[in-house]
Amino acid sequence: MTASSLVEVENLHFTRGDRDIFRGVDLSIPRGKITAIMGPSGTGKTTLLKLIGGQLAPSAGRVLIDGHDVHRLSRKDLFQMRRRMGMLFQSGALFSDLSVFENVAFPLRVHTDLPESMVRDVVLMKLEAVGLRGARDLMPSELSGGMTRRVALARAVALDPELILYDEPFVGQDPISMGVLVQLIRRLNQALGLTSVVVSHDIKETLSIADYVYVVADGRVMAHGTPASLDVEQDPRVSQFVHGEPDGPVPFHYPANDFYDDILGQEEA
Amino acid sequence: MIERISRLGRRGCDLLEAVGRAGLFLAQSMFGRPTMGGISLWIAQVYMVGVLSLAIILVSGLFIGMVLALQGYTILVDFGAADALGQMVSLALLRELAPVVAALLFAGRAGSALTAEIGLMKATEQLTSMEMIGVDPLRRIVAPRLWAGFVSLPLLTIGFSVVGIYGGYLVGVEWLGVFEGSYWGNMQASVGFFNDIGNGIVKSLMFALVVTWIAVFQGYDLIPTSEGISRATTRTVVYSSLAVLGLDFVLTAVMFGGLS
Amino acid sequence: MKRSKTMELSVGLFMLAGILGLVFLGLKVSGLDLQRADDTFELRANFANIGGLKPRARVTMAGVTVGRVESIDLNTEWYDAEVVMSLDNELSGMLPDDSTAAILTSGLLGEQYIGLSVGGSPEMIEDGGVVRDTQSALVLEELIQQFVSNLTKD
C-alpha cells in the first residue's frame, strides 16, 4: 500500500483554540485513484485539506506527499510542491479581477515561461475539457455557481498536477451541474491519471465516484473501505451517516434539559 | 482583582502580537520581490485608489480654501492686514490642512474600499487559492495596493493644496477685493519650498503609509464573514483617522515646533 | 483591453497633474526661481542691525523686486550681520560702488526687505562685491527710547 500511495497522513493532531479538531488521523491516499473523505459538517474536513496543502501546521503528526514531509519544507520548496497540487475550493475562489481566460492562465503564467500562443492553447484546451471554451471572456461575476466551479476546476488542472484536492465540490449545485461535476471529476481522473481527494458530505454522488472512502468524525477516522463495504457497515454511527438517517447515535437534538422539565419547570419557578 | 490584571496582561500581549504581525506584514509585502505584471497591477491600483479619489479631494480642497479665505479675511481686515491673506491661506493649507484633510478623506474613500476588497477576497478564498497556486498574496495583492496608496496620497495632497489656494484666490481676490499682487506676493515671500511644501509632502507620505497599511492589514487580518468585513471597514476608518491626527501632532512638533 | 487602456491613460494624467501641481506650488506659491542658479550674481552687505530680516526676503530697487536674500550670518570680526543677496544678472556690473542698501518694512507690521538705491560713482560693483553704504533696520523699541529720552532732556 505504501509504495503506491501518494499522500500519507500519520497520527495527525490539530487543535484550534481549546478545541481538538483532529486526535490522531491516519490516512493513506493511493496514487491514481479517487479517495473520498466524508463526515458530518463541522468535523474539519476542509481543515484536513488545508493541512495536506501545507497551509496549516498540525500540532502533532505529519503529512507526507511523495515521501516529503509537507510541514518541514522550506517556503520555497513548499511552493514548488504546490505546483504539483491543484485545489478546488468550495466557493470556486476565482480571482474576481481577472477574466475566465486569465484565471485559467494564471498558474501557467506564474510557473512557466510559455510563450503567449502556447498559454492560449493550453487554456483553451482546459476550458474545452470543462465545456466552457465559449465563456473565456466573461468575468467571474457573470458566471453561475456551477460554471464558476467548472472554471475553477480548469484552473486547478492547468498545470497538470499529480494531486487534486476537491473541497466540497457538490455543495449548493443544482442536479444538472452536480451531474456534470461528478462526470468531470471522474473523467479528469481517468484521462489525466490524477490522484484525487474529494472532501464531501454528499453521500450519493461521492460514493458513486470514489474508489476508497474514509469517514471522519469526532477527530478520528471512524471507518474506511470501498463504497460497497461501507454500505453494509455494521457500526451504527457509520450506517446512520451513510444512509442519511435523521436520528441515531448522532442525536437530532442539541444537548438540553429534559423537555418535560423545561416546559413545566418554568411555570413552577 | 487578579483576574482583571491578568486580563489586562492578556490584552497587552494580544496588542503586541497584532502590532508585530502588522509590522512583519508590512515588511514582507513592501520589500518582497515584486511579482510578474507588477507595474500593470500597480497602475490598476493607482487608478482605484488615486484617480477615483480625485473628485472628492479636489472638491473638498476648493471649499476648504474658500472658507479659509472668508474666515481669514474677516479677522485680518480688523488688523488692516488683509494683504496677508494669501500667506495665511497657503501656509495653513500646505503645512496642515491639505495633508491631514486629504489623508482623512483618503481613509474614508480609498482605505475602506481596500479593506472591503481584500476582505472579500479572503472570504471567497481567493487569497488561499492564490497561495495554493504558489503565489504569495502579500506580493501579488497587497504590495501593489500599498505602493499605490503610498504614491497616490501625496499627489492628491498636492492637488488639494493647489485647488485650495485657487479657492482662496477666488474668494479673497475676485470676491472680497484683496489686491491680487499682494495675495501672490505675500505668499511667495513667506512660503519656503522645502520648509513648507516639502514638509507638507513628507507629512502626506507618512500618512499615506499609515493609512494604506492599516487599511490593507485590516482587510488581510479580518474574520472572513460579512460581519467581519463590515467591522474591519469601520476599524480602518477609525484607526487611520486617529493615527493620522496623532502622527500629525508629532510630525508638526518635529518639523515646525523647533524640537528637532 | 480597452478598459485597461483608458485606465492607464487616466493614471498617467493623474501622475502628470500631480507633478504639474507641484511645479505650480513651487513657482507660483513659493516663488521658487528655477533659473536662479545661473542667472544671478551675488552681493554682500554688512548691517549693524538687521531687525527682523529673514533669508529669502525680497531685495528691491525702486520698489521692483530684483533679487532675494540668500543668507544671513554674524560676522565675528565686526560683530555685525553679513547679508548675502543674489540679484538678477541684468544688474551685474551696473551698480555704482557707492550704492546704498537699506532694510525697510512694508507697511506698519509687514515683513522686512532690502531696498537698494543707486549712487553716482563711475566705479561699478563686481560679482561678489560689497555694498559699503548700509542703513540698518528701524527697531521700534529703539525709536521709542530715543523719543522718550529726547522728551526728558527738554
(message) Just to be sure I understand the model, the point goes 7 Å from the Cα along the line to the Cβ. What's the resulting A:Gln234 to B:Val59 distance in nm?
(response) 7.7 nm
(message) Which residue, B:Gly134, B:Phe179, C:Tyr79, has the largest displacement toward the positive end of the dipole of the protein assembly as shown when charges sit on each Cβ (Lys, Arg +1; Asp, Glu -1)?
(response) B:Gly134
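Students often get this wrong, so check it: of A:Lys33/A:Lys76; B:Lys203/C:Lys28; A:Lys45/A:Lys76; A:Lys76/C:Lys5; A:Lys76/B:Lys122; B:Lys203/C:Lys5, which have C-alpha atoms separated by over 30 Å?
Pairs exceeding 30 Å: A:Lys76/C:Lys5; B:Lys203/C:Lys5.
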(message) Just to check I understand the Karplus step: with θ = phi - 60° and J = 6.51 cos²θ - 1.76 cosθ + 1.60, what whole-Hz values come out for segment A:129-146, glycine and proline as x?
(response) 4, 9, x, 10, 4, x, 9, 5, 8, 6, 8, x, 5, 8, 9, 7, x, x
(message) Out of the chymotrypsin sites (Phe, Trp or Tyr not before Pro) in segment C:53-147, which ones are loop residues according to DSSP with at most 11 other C-beta atoms within 10 Å?
(response) C:Trp78, C:Tyr79
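Rounded to the nearest 5, what % of DSSP beta bridges with both residues in the protein assembly as shown are antiparallel?
Details: 48 of 75 bridges.
The answer is about 65 percent antiparallel.
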(request) Using a Förster distance of 35 angstrom, determine the FRET efficiency expected from the C-beta separation of A:His13 and A:Leu138, and round it to 0.05. (result) 0.20
(request) Work out the charge dipole of the protein assembly as shown with +1 on the Cβ of Lys and Arg and -1 on the Cβ of Asp and Glu about the Cα centre, then indicate which of A:Ser208, B:Leu93, B:Gly149 is farthest towards its positive end. (result) A:Ser208
(message) Can you tell me which of B:Val89, B:Val173, B:Val210 moves the most in a GNM of chain B? Springs connect C-alpha atoms under 10 Å apart.
(response) B:Val173
(request) Under a 10 Å cutoff between Cα atoms, tell me which one of B:Ile223, B:Ile133, B:Ile118 has the largest fluctuation in the Gaussian network model of chain B. (result) B:Ile133
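Sorted from fewest to most neighbouring beta carbons within 10 Å, what does the list C:Met15, A:Met38 look like? Write out the running numbers ahead of the final one.
Working: C:Met15 17, A:Met38 27.
Result, fewest neighbours first: C:Met15, A:Met38.
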(message) Tell me the angle of helix C:140-153 to the major Cα principal axis of chain C, expressed in degrees between 0 and 90 and rounded to the nearest ten.
(response) 20 degrees
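Please average, across the residues of C:4-14, the number of beta carbons from any other chain that are within 10 Å of each residue's own beta carbon, and give a whole number. Mind showing how you got there, number by number?
Details: counts 4, 0, 1, 7, 6, 1, 7, 11, 3, 2, 12.
If you average over the peptide's residues, the count of other-chain Cβ atoms is 5.
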(message) Run the helix sum for the protein assembly as shown: -39,500 (n - 2.57) per DSSP H stretch of 4+ residues, divided by residue count, reported at 222 nm to the nearest 500 deg cm²/dmol.
(response) -16000 deg cm²/dmol
(request) Mind putting a number on the dipole of the protein assembly as shown about its Cα centre? Charges go on the C-beta only, +1 for Lys and Arg and -1 for Asp and Glu, and I need it in Debye to the nearest 20. (result) 2240 debye
(request) Run down the aspartates and glutamates and flag those whose C-alpha is under 14 Å from the C-alpha of A:Lys204, throwing out any fewer than 8 positions away in its chain. (result) A:Glu168, A:Asp231, A:Glu245
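Suppose every K and R has +1 on its Cβ and every D and E has -1 on its Cβ; what is the size of the dipole of segment C:37-144 about the Cα centre, in Debye to the nearest 20?
Working: 6 positive and 19 negative charges, 89 e Å.
In debye, rounded to 20, segment C:37-144 gives about 420.
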(message) Please report the spacing between the Cα centers of segment A:17-81 and segment A:134-199 in Å, no decimals.
(response) 21 Å
(request) Would you look at the GNM of chain C, springs on alpha carbons closer than 10 Å, and say which of C:Val59, C:Val29, C:Val118 moves the most? (result) C:Val29
(request) Working from Cα positions, state the angle (0 to 90°, nearest 10) between the long axis of helix B:112-123 and the longest principal axis of chain B. (result) 10 degrees
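With 10 angstrom as the radius, rank A:Lys50, C:Lys5, B:Lys122 by how many other C-beta atoms surround their C-beta, starting from the fewest. Let's see the in-between values first.
On the way: A:Lys50 18, C:Lys5 9, B:Lys122 22.
Neighbour counts put them in this order, fewest first: C:Lys5, A:Lys50, B:Lys122.
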(request) Give the shape of segment A:105-202 as rounded, prolate or oblate, defined through the alpha-carbon gyration tensor: a ≥ b ≥ c are the square roots of its eigenvalues, a/c under 1.5 means rounded, and otherwise the shape is prolate if a/b is larger than b/c and oblate if not. (result) oblate
(message) Can you classify segment B:1-111 as rounded, prolate or oblate using the Cα gyration tensor, where a ≥ b ≥ c are the square roots of its eigenvalues, rounded means a/c under 1.5, and otherwise it's prolate if a/b beats b/c and oblate if not?
(response) oblate
(request) Within 10 Å of each Cβ in peptide B:152-158, how many partner chain Cβ atoms are there on average? Round it to a whole number, please. (result) 4
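Equivalent-ellipsoid semi-axes (√(5λ), Cα gyration tensor) for segment A:1-65, whole Å, largest first? Don't skip to the end; give the middle numbers.
Working: eigenvalues 87, 35, 18 Å².
After scaling each eigenvalue by five and taking roots: 21, 13, 10 Å.
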(message) Which one, A:Gln190, A:Met85, B:Gly20, is farthest towards the positive end of the dipole of the protein assembly as shown when Lys and Arg carry +1 and Asp and Glu -1 on their Cβ?
(response) A:Gln190
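Each reported figure results from applying straightforward, stated rules to the coordinates on display, with no laboratory input. As the structure is a computational prediction, the values presented were derived from the model and not from experiment. As a convention, Cβ positions derive from the backbone with ideal geometry for all residues, glycine included, and neighbour counts pool all protein chains shown.
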